[in-house]
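Trainee: Could you have a look at this structure, given as structure tokens, before my questions?
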Amino acid sequence: MLEWIGLVRSLIVYWRPGRQRGLRRMYAPFVGEGDLVFDVGAHLGDRSIAFAALGARVVALEPQPLIARWLRRVVRRRDGIEVRAEAVGARRGVERLAISSRTPTVSTMSTAWQRSAGQANPGFRSVRWSRSIDVPVVTLDDLIAEYGVPSFCKIDVEGWEAEALSGLTRPLPALSVEFVAGQLQVAAACVRRLTELGRYEFNVVLGERRDLAPDGWRSGEAILAWLEAGASGSSSGDIYARLVTGLGGEGRG
């Protein structure tokens, strides 16, 4: 019963009126007709459908069994979206996923995130992880070998973002990773990994806003300093990265 309550809550939050229009506007600089997009941690597909509406082919990955089943229902009439009930990590195999039945958006494979998120971030203090399951894991390199290099990759996996990027060995044109107060070191590790792969510049979206910060794109050093200073006090958001030059050549935008 709790899982169904959590599912309904997610449907209300992520499919409220007007949200799709804002998502399409936000992603339009990164995603265009015929592009390939990886949606890692797709949940109920609000962003996958926004990517598809912009003309992209989408590979949507969601390891929670109930959520993945509903994701397939949500996108079944949309061309160009493939759903895979898998997680993304540093290596192919199996990992343990802790599921929060009441709040499935914070189900996680990171034991460190699970232990400390509630202590460091008031928004997570009521979260409980009711059970855990084994889920199949692929790497970003695996996905690239199968589908090609994506123009954009969204990664929102509750403290597992750095693990997901550890399975990537080439720069991507653009991507986003979630950050959460109390676990900003995870986002910092992602920034450092990306700067190892290529020359990136960074921007942020705070909370559930659907626009990039107005002060513009910054260097890796600048975004790391911003994270070190507390991410402007935001409880969560996303860091966006776009490739300037690197092994993959010129980035979009």
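Trainee: Here is a list of conditions, (1) modelled with pLDDT of 95 or more; (2) within 17 Å of residue 60 (Cβ to Cβ); (3) not β-branched (Val, Ile, Thr), and residue 104 meets all of them except one; can you say which number that is?
Mentor: Unmet for residue 104, out of (1) modelled with pLDDT of 95 or more; (2) within 17 Å of residue 60 (Cβ to Cβ); (3) not β-branched (Val, Ile, Thr): (1).
Trainee: Among (1) at pLDDT 95 or above; (2) farther than 25 Å from residue 149 by Cα; (3) among the small types (Gly, Ala, Ser), there is one condition residue 241 misses while meeting the rest; what is its number?
Mentor: Condition (2) is where residue 241 drops out.
Trainee: Taking the condition of being over 11 Å from the mean Cα position of the chain (by Cα) and either buried (at least 19 other Cβ atoms within 10 Å of the Cβ) or β-branched (Val, Ile, Thr) (or both), how many residues in segment 168-183 meet it?
Mentor: We begin by selecting, within segment 168-183, every residue over 11 Å from the mean Cα position of the chain (by Cα); these are 168-174, 180-183.
Narrowing further to those that are either buried (at least 19 other Cβ atoms within 10 Å of the Cβ) or β-branched (Val, Ile, Thr) (or both): 168-169, 171-174, 180, 182-183.
The total comes to 9.
Trainee: Checking the structure you have, find out if any residue of segment 78-85 is out of contact with any Leu (no Cβ under 8 Å at 6 or more places or on another chain), of a type in the set (Asp, Glu) and at pLDDT below 90.
Mentor: Checked segment 78-85: at least one residue is out of contact with any Leu (no Cβ under 8 Å at 6 or more places or on another chain), of a type in the set (Asp, Glu) and at pLDDT below 90.
Trainee: Have a look at 213, 189 and point out the one that is part of a helix (DSSP H, G or I) and out of contact with any His (no Cβ under 7 Å at 6 or more places or on another chain).
Mentor: On the way: 213 fails: part of a helix (DSSP H, G or I).
Of the residues listed, the single one that is part of a helix (DSSP H, G or I) and out of contact with any His (no Cβ under 7 Å at 6 or more places or on another chain) is 189.
Trainee: So is residue 71 closer than 20 Å to residue 137 by Cβ, in contact with a Gly (Cβ under 6 Å, 6 or more places away or on another chain), in a helix (DSSP H, G or I) and not acidic (Asp, Glu) or not? Full working, then the answer.
Mentor: Working: closer than 20 Å to residue 137 by Cβ: yes; in contact with a Gly (Cβ under 6 Å, 6 or more places away or on another chain): yes; in a helix (DSSP H, G or I): yes; not acidic (Asp, Glu): yes.
Yes: the conditions hold for residue 71.
Trainee: How many residues, within segment 108-143, are closer than 30 Å to residue 170 by Cβ, modelled with pLDDT of 90 or more and not aliphatic (A, V, I, L, M)? Can you show your working first?
Mentor: Of segment 108-143, the ones closer than 30 Å to residue 170 by Cβ are 108-113, 134-143.
Right, trim to modelled with pLDDT of 90 or more and you get 108-110, 134-143.
Narrowing further to those that are not aliphatic (A, V, I, L, M): 108, 110, 134, 136, 139, 141-142.
Summing the residues that are closer than 30 Å to residue 170 by Cβ, modelled with pLDDT of 90 or more and not aliphatic (A, V, I, L, M) in segment 108-143 gives 7.
Trainee: I'd like to know if segment 41-62 contains one or more residues that are assigned to a strand (DSSP E or B) and surrounded by fewer than 20 Cβ atoms within 10 Å (Cβ to Cβ). Full working, then the answer.
Mentor: Residues of segment 41-62 that are assigned to a strand (DSSP E or B), as a first pass: 57-61.
After this cut, where a residue has to be surrounded by fewer than 20 Cβ atoms within 10 Å (Cβ to Cβ) as well, the list is 57.
Yes, because at least one residue in segment 41-62 is assigned to a strand (DSSP E or B) and surrounded by fewer than 20 Cβ atoms within 10 Å (Cβ to Cβ).
Trainee: Out of curiosity, is residue 101 closer than 18 Å to residue 131 by Cβ, small (Gly, Ala, Ser) and in contact with a helix residue (DSSP H, G or I) (Cβ under 7 Å, 6 or more places away or on another chain)?
Mentor: Values: closer than 18 Å to residue 131 by Cβ: yes; small (Gly, Ala, Ser): yes; in contact with a helix residue (DSSP H, G or I) (Cβ under 7 Å, 6 or more places away or on another chain): yes.
For residue 101, the condition - closer than 18 Å to residue 131 by Cβ, small (Gly, Ala, Ser) and in contact with a helix residue (DSSP H, G or I) (Cβ under 7 Å, 6 or more places away or on another chain) - is met.
Trainee: Does residue 138 qualify as being crowded, with 23+ Cβ neighbours inside 10 Å, among the β-branched types (Val, Ile, Thr) and touching a residue at least 24 places away in the same chain (Cβ under 8 Å)?
Mentor: Numbers: crowded, with 23+ Cβ neighbours inside 10 Å: no; among the β-branched types (Val, Ile, Thr): yes; touching a residue at least 24 places away in the same chain (Cβ under 8 Å): yes.
Answer is no for this residue.
Trainee: Mind listing just one residue for me: the one in segment 64-98 that is without any contact (Cβ under 8 Å) to a residue 24 or more places away in the chain and not hydrophobic (A, V, I, L, M, F, W, C) and, of those, farthest from residue 114 (Cα to Cα)? Steps first, please.
Mentor: Of segment 64-98, the ones without any contact (Cβ under 8 Å) to a residue 24 or more places away in the chain are 68-69, 72-73, 76-77.
Checking which are not hydrophobic (A, V, I, L, M, F, W, C) leaves us with 69, 72-73, 76-77.
Working: 69: 24, 72: 27, 73: 29, 76: 32, 77: 35 Å.
Taking the candidates together, the pick is 77.
The values are calculated or read from the model by the stated rules, or taken from the named source; none is laboratory data. Small disclaimer: the values here were computed from a predicted structure and weren't measured. As a convention, Cβ positions derive from the backbone with ideal geometry for all residues, glycine included, and neighbour counts pool all protein chains shown.
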